[in-house]
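The values are calculated or read from the model by the stated rules, or taken from the named source; none is laboratory data. Quick caveat, the model's predicted, so the values are computed rather than measured. Don't worry about glycine lacking a Cβ; one is built from the backbone with ideal geometry, like all the others, and counts go over all protein chains shown. What goes into the accessible areas is simple: the full protein's heavy atoms, side chains included, and nothing from ligands, DNA or RNA. Shrake-Rupley method; radii C 1.70, N 1.55, O 1.52, S 1.80 Å.
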Amino acid sequence: MLSLVIVAGLLAFSSGKPCETQTSNSELHMSLNKNLLRSLETQEGLPNPSVHLALRLSNFHNLAKESEHLNKLKNDLHNDIQSSLSNSQSVVGLLSLYTLALKSSCYDLNTITFTVGERSETLLTHLKKQMEQEKEHIAFSHRPLTNYYQYSLGVLALCVSGIRVNHHVSNKLIKAAEHFQHGDTESTDTYAMAGMALQCVKDAGSHVQNATVLDTVLSKIQQKLLASRRNDGHIGNEFSTGLAVQALLAMGAPVSECAASMEAMRTDARNNRYHNAMAISQVLPALQQKSYLTVKSKECLNEDDTLVLEPIDPVVVLPSQTKVTMMVEVVTSSGAAALYSVEVPKGSSLLEALELLKMKNVGFTFDKESSLWGPFLSVVNGEQARQSDRRYWHLSSDGTALSEGITDFKIDAAQKITLKNTIY
């Protein structure tokens, strides 16, 4: 899911520079930066390490608010990860983002510890152990305990933290990079994250034995990303382009159609397409021609501290008096289908619409779980779609897969929403 567009200079390849734009877009960057900073005041649930990472990679800072958010990460998020580790849960993705967030604040990672079974070990030690478990699971089951996106994040977090990545761990990612799929489509996000992770491994010189193989895989990942670029400049979709651009920047790939891609990105930002904090957190670094690899060389010296949030008047949105009909089709893992209908106020979020359908007591029920992107469906009509079973609820509108989550997607017209228990 993720969002942004390609950044590149016309002479990126020949000059050796990554992607450049000809005019300054600092006002647009500043606006996105402020939106991200405001999200800290309205966020629900745990503090988001991806948001912190983007704030720290930015050219503009409000150091007091960033410090306050760092403390929340070290308390609230830390305690949540501690609980997961104590319950022997695989949290390699969250642990990796936590590592990157701390590293972006130049925090001493050796002072961060977790205690499991009365044994206290550093964050990086736990991350290495989690990656070993993922690697072993790949050896026996041909897939990670989590997924290759989180596995790539783990490789990246270890690498930018100066940890030499076990070549058996990186080899598993190299072999898997031929084909990353999510449902019926290739996963742009996973290719992007794998590209950044393997580029870091290459830069660190920790894969010298198979340097040619690594170069070949990195080239293929670049080709995959560029091949998934649409005519409008987006890579994959609006919400996967951010990481894709970060990866292309990190890998130094020549990008031939810089102008169209940059314009698509700026247009999305100006049209408030990125109203999800997680989406902005992936867009902003790429717009500023940075990537998660930038964290490796991050120095927290002489930083700008001029970012100030102006007070804004609260906006009260009244429910629309116009009703639209939403059909909801639920397709279970067995293929059995059930169809429902509900009238909802125009402009309702999909989550609000599903809540209204649930309240009709016509047999439709659902449960949701939280994520960094917002809530997602975990159970529909009593049937669970669990990651451990490699399943998820695939959402589509009139046959087109949704690129937004259930709180962000709006019901603006009559349509048919399909919820399908899908394997990936």
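Listing for the model above:
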read-out	value
Qualifying positions in segment 204-225 - in contact with a helix residue (DSSP H, G or I) (Cβ under 8 Å, 6 or more places away or on another chain) and closer than 23 Å to Pro285 by Cα	Ala204, Leu218, Ile221, Gln222, Lys224, Leu225
From Asn59, Asn35, residue being surrounded by fewer than 22 Cβ atoms within 10 Å (Cβ to Cβ), among the polar types (S, T, N, Q) and over 22 Å from Gly374 (Cβ atoms)	Asn59
Flag if Asp408 is farther than 19 Å from Gly93 by Cβ, open to solvent by 70 Å² or more (accessible area, probe 1.4 Å) and out of contact with any helix residue (DSSP H, G or I) (no Cβ under 6 Å at 6 or more places or on another chain)	no
Segment 91-130 - residue that is of a type in the set (Lys, Arg) and assigned to a helix (DSSP H, G or I) and, of those, surrounded by the most Cβ atoms within 10 Å (Cβ to Cβ)	Lys103
Sole exception among (1) farther than 21 Å from Ile221 by Cα; (2) among the charged types (D, E, K, R); (3) within 23 Å of the chain's Cα centre (by Cα); (4) exposed (fewer than 15 other Cβ atoms within 10 Å of the Cβ) for Arg164, by number	(3)
Matching residues in segment 38-56 - criterion: being outside any loop (DSSP other than H, G, I, E, B), within 23 Å of Glu369 (Cα to Cα) and open to solvent by less than 30 Å² (accessible area, probe 1.4 Å)	Ser39, Leu40, Pro49, Ser50, Val51, His52
Breaking point among (1) assigned to a loop (DSSP other than H, G, I, E, B); (2) open to solvent by 70 Å² or more (accessible area, probe 1.4 Å), for Thr146	(2)
Options Val283, Val316: the member that is of a type in the set (A, V, I, L, M, F, W, C) and within 17 Å of the chain's Cα centre (by Cα)	Val283
